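Note sheet for the following structure.
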Amino acid sequence: MKHTISVLVEDEAGVLTRIAGLFARRGFNIESLAVGPAEQVGISRITMVVPGDDQVIEQLIKQLYKLIKVLKVQDITQIPCVERELMLVKVKATVSNRAEVIQIAQIFRARIVDISENTLTIEVVGDPGKMVAIIQMLNKFGIKEIARTGKIALIRESGVNTEYLKSLEAKV
C-alpha cells in the first residue's frame, strides 16, 4: 500500500539529505517528494508517498522522529485530506487534432500554457487520479514530455472525506 507522509522540519541545509539517507539505508523508495515552506518562517513541509505496510511505515515514522531538525511526522493516508499535484505535459498537436486536444484540456480544467506548430503544453492541477486520466486521454496524440511535482496534501479540518462522498454520488 502507498502511504502519504507529512513531515515538518526546521528549514536548514542537510535536513532533506538526512531524510533521504534514512530511506536509502532501509531500502525504501520514495515515489513522490515535494518540499516547500510551511506556514511558519523557518519551517518546511515535506510530503512523501512511500510504499509499505502499516507496520513498516510506523517503524519508519519512529526513525524519522530520531533525526535532528524533524519536528512532526504524520501518516495522513487514512485521514481526509486535500491532495494536489501539478503536471506539465507536452503533446503532439497538428492542425487536424489541435481542437480535440484543447477540448480534452478544457474537460479536465487544464490550461494551455504554450503552443507551437506541432505541440501544445498543458498545465494540469488536481489529484493524482486526474493526472493518470488525462495522460490516458492524451496518449493517442503522442506525449513528448511530462514534468510532475510530487503530491502535496493538507489534512481537511472539516473532516469531510471527499473520497467517501464521491463513492456515494457514484451510487446515486
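No lab work stands behind these numbers, since they all come straight from the coordinates. Only a predicted model underlies this, so the values are computations on that prediction, with no experimental measurement involved. Here the Cβ is made from the backbone with ideal geometry for all residues, glycine too, and neighbour counts use every protein chain on show.
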Practice task
Order by neighbour count: K90, K62, K72, fewest other Cβ atoms within 10 Å first, most last.
Solution key: K62, K72, K90
Exercise for the section: Mind giving me the FRET efficiency for K144 and K66? R0 is 41 Å, r the Cβ-Cβ distance, nearest 0.05 is fine. Expected result: 0.40
Practice task
Based on other C-beta atoms within 10 Å, arrange T149, T119 from fewest to most.
Solution key: T149, T119
Practice task
Starting with the fewest neighbours, write out M87, M137, M1 ranked by other beta-carbon atoms found within 10 Å of each beta-carbon.
Solution key: M1, M137, M87
Fill in the blank from the handout: Calculated from DSSP helices alone, with each H run of at least 4 adding -39500 (n - 2.57) and the total divided by the residues of the chain, [θ]222 nm to the nearest 500 comes to -9500 deg cm²/dmol
Practice task
Just tell me which aspartates and glutamates come within less than 15 Å, Cα to Cα, of K144; anything on the same chain fewer than 8 places away is out.
Solution key: D114, E117, E123
Practice task
Find the relative contact order for the stretch 66-127 and round it to a whole percent, using C-alpha pairs within less than 8 Å whose residues are 6+ positions apart.
Solution key: 39 percent
Practice task
Loop only per DSSP, at most 14 neighbouring Cβ atoms within 10 Å: give me the GluC sites (Glu not before Pro) in the stretch 25-88, ordered by residue number.
Solution key: E31, E39
Handout entry: C-alpha long axis of helix 128-138 to longest principal axis of the chain, angle in °
Key = 30 degrees
Exercise for the section: Identify which of V15, V70, V95 has the largest mean-square fluctuation in a Gaussian network model of the chain, with springs joining Cα atoms closer than 10 Å. Expected result: V95
Handout entry: Computed lengthening from I135 to A20, 0.36 nm per intervening residue step minus Cα-Cα distance
Key = 38.5 nm
Handout entry: 18 Å Cα-Cα reach of K62 towards aspartates and glutamates, excluding residues that sit fewer than 8 places from it in its own chain
Key = E10, D53, D54, D75
